[in-house]
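Below is one structure; the comments refer to it alone.
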Amino acid sequence: MALDEKLVVRFQNGRVLKGISNDFSTNRDSFHLTLVNRSSTNQTIKISFGDLKGIFFVKDFVGKKEYQEDKGFFKPGKTFYGKKTVVHFKDGEILYGFTQNYAQDRLGFFLYPYDSQSNNLKLFALNSSVTKVEFPPS
């Protein structure tokens with residue numbers, strides 16, 4: 001992972017933390033997050049993958065709350081790398097994107113958003129928070 005990427009960490013219980021990590025790796029069971037939204041103290045905490053829904057790599061921490069992302073694969077001519085993927089989470093959220101490395105027996109997988117206007121650059125979705133993964137035909 002590149003240093004100082006902006007992360008929004010979403011827990012299975014709905015809790016959300018925002019910060020920066022320089023040791024995120026899918027090969028370990030935890031990583032450190034330096035919080036940026038709570039205070040100017042830049043507190044660093046340890047995050048365990050076991051409690052998470054997903055780690056969202058974002059363009060900025062503010063986002064556009066009023067923006068509605070495209071749901072589905074409707075824009076002809078768009079080219080992306082990977083398989084079209086629809087991810088259903090236990091909390092009811094459904095995300096549309098592309099993946100190259102889904103495997104049900106792994107910790108999780110990266111999903112790249114279908115909508116290029118999304119604030120999300122990519123998401124590491126934890127398989128423990130996913131109810132269904134679909135691969136629509138191309």
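Worth pointing out:
- Inclusion of Phe61 among residues that are at pLDDT 90 or above, surrounded by fewer than 19 Cβ atoms within 10 Å (Cβ to Cβ) and touching a Lys or Arg at 6+ places or on another chain (Cβ under 9 Å) is not warranted.
- Every condition in (1) at pLDDT 90 or above; (2) more than 21 Å from Asn13 (Cα to Cα); (3) open to solvent by 40 Å² or more (accessible area, probe 1.4 Å) is met by Ala103 except one, and the failing one is (3).
- The set of residues in the stretch 66-90 being in a loop (DSSP other than H, G, I, E, B) and at pLDDT 95 or above consists of Lys90 alone.
- Across the stretch 1-32, the qualifying residues are those that are under 15 Å from Thr44 (Cα atoms) and among the polar types (S, T, N, Q), and the one among them that is most open to solvent (accessible area, probe 1.4 Å) is Asn22.
- The residues on offer are Ser30, Ser39, and the sole one that is modelled with pLDDT under 90 and hydroxyl-bearing (Ser, Thr, Tyr) is Ser39.
- Ile94 being exposed (fewer than 15 other Cβ atoms within 10 Å of the Cβ), under 15 Å from Val130 (Cβ atoms), at pLDDT 90 or above and β-branched (Val, Ile, Thr): yes
The values are calculated or read from the model by the stated rules, or taken from the named source; none is laboratory data. All of these numbers come straight from a predicted model, not from anything done at the bench. Note: ideal-geometry Cβ built from the backbone for every residue, glycine included; neighbour counts use all protein chains shown. The area values use the complete protein model at the heavy-atom level, side chains included, leaving out ligands, DNA and RNA. Shrake-Rupley method; radii C 1.70, N 1.55, O 1.52, S 1.80 Å.
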